[in-house]
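Working notes, structure below.
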Amino acid sequence: MAGKGVVDRDLGWQEIQRELAELKKIGVKVGITEANNTSEDGANIAEYAAYNEEGTEHIPSRPFIRSWVDNNQEQINKVMDSAFNRIVKGQWTAEDAMKRIGEFGASGIKKNIAKGSFEPNAESTIKRKGSSRPLIDTGTLRNSIRYEVVRK
């Protein structure tokens with residue numbers, strides 16, 4: 001019976017542990033990224049987005065990001081849980097998971113903007129832009145919503 005003993009076969013567990021450790025080092029940002037921060041006419045898209053998200057003295061608050069996050073917490077949690085489970089099963093890397101979460105967030109925010117259930121544009125804006133639908137006139141804001149996987 002000599003020579004028999006315990007054989008240690010990894011079966012992927014060490015890779016899964018590495019990916020779980022990687023989750024602590026990366027994250028995902030969704031919104032207006034630095035790479036897409038200026039419109040064709042030179043306007044700062046991030047500033048425009050912030051003015052509409054938060055509101056100003058002359059612009060009503062149109063929380064296109066916050067309202068989507070607030071109204072979709074259950075679905076967001078499901079996507080995050082699903083991504084985590086795929087890492088644990090060895091199907092995805094941590095980066096794959098962050099990309100999927102980012103894609104979900106960017107897509108949801110874009111749909112929220114397109115839905116357009118915000119306070120209409122002021123008469124002066126309608127005359128200038130030709131539309132009463134806020135955040136959607138040119139599509140620049142909606143098309144600027146992206147995600148970015150970042151290192152912490």
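Computed over the range 105-152, the quotient of the alpha carbon radius of gyration and 2.2 N^0.38 Å is 1.40.
The fraction of accessible area contributed by carbon and sulfur in the chain is 49 percent, rounded to a whole number (1.4 Å probe; ligands and nucleic acids excluded).
Between residue 10 and residue 126, residue separation times 0.36 nm minus the direct Cα-Cα distance comes to 35.4 nm. Spin-label model, residue 46 to residue 80: label points 7 Å out along the Cα-to-beta-carbon direction sit 2.4 nm apart. What angle do you read, to the nearest 10 degrees and between 0 and 90, between the alpha-carbon axis of helix 45-54 and the longest principal axis of the chain? Helix 45-54 sits at roughly 80 degrees to that axis.
Could you size up the charge dipole of the range 12-152 around its Cα centre, putting +1 on the beta carbon of Lys and Arg and -1 on that of Asp and Glu, and report it in debye to the nearest 20? Mind showing how you got there, number by number?
Numbers: 22 positive and 20 negative charges, 73 e Å.
My answer is approximately 360 debye.
The figure for residue 110 is an accessible area of roughly 70 square angstrom, using a 1.4 Å probe on the protein chains alone. Angle, helix 73-88 long axis vs. longest principal axis of the chain, Cα atoms, 0 to 90°, nearest 10? Between helix and principal axis, roughly 30 degrees.
How large is Rg over Rh for the range 29-152, taking Rg from the Cα atoms and Rh as the Kirkwood inverse mean of 1/r across Cα pairs?
Details: Rg = 16.5 Å, Rh = 15.8 Å.
With Rh from the inverse mean 1/r over Cα pairs, Rg/Rh is 1.04.
For the range 7-152, the relative contact order is 36 percent, taking Cα pairs closer than 8 Å that sit 6 or more residues apart in sequence and dividing their mean separation by the residue count.
Averaged per residue, what accessible surface does the range 54-134 expose to a 1.4 Å probe, in Å²? Walk me through the numbers before you get to the answer.
Details: 5120 Å² over 81 residues.
I get 63 Å² per residue for this part.
What is the Cα centroid distance between the range 37-61 and the range 1-33, reported in whole angstrom? Each part's Cα centre sits 42 Å from the other's. Residue separation of residue 21 and residue 58 scaled by 0.36 nm, minus their Cα-Cα distance, works out to 8.7 nm of gained length. Each principal axis of the Cα cloud of the range 26-85 was evaluated for its coordinate range; sorted largest first, these ranges are 43, 26, 16 Å. Relative to the longest principal Cα axis of the chain, at what angle does helix 94-115 sit, 0 to 90 degrees, rounded to 10? For helix 94-115, the angle is close to 20 degrees.
The values are calculated or read from the model by the stated rules, or taken from the named source; none is laboratory data. Just so it is clear, the structure is predicted and the values come from calculations on it, not from any experiment. For neighbour counting, all protein chains shown are included, and Cβ atoms are generated from backbone atoms with ideal geometry for every residue, glycine included. Just so you know, the surface numbers come from the protein's heavy atoms only, side chains and all, with ligands and any DNA or RNA stripped out. Shrake-Rupley method; radii C 1.70, N 1.55, O 1.52, S 1.80 Å.
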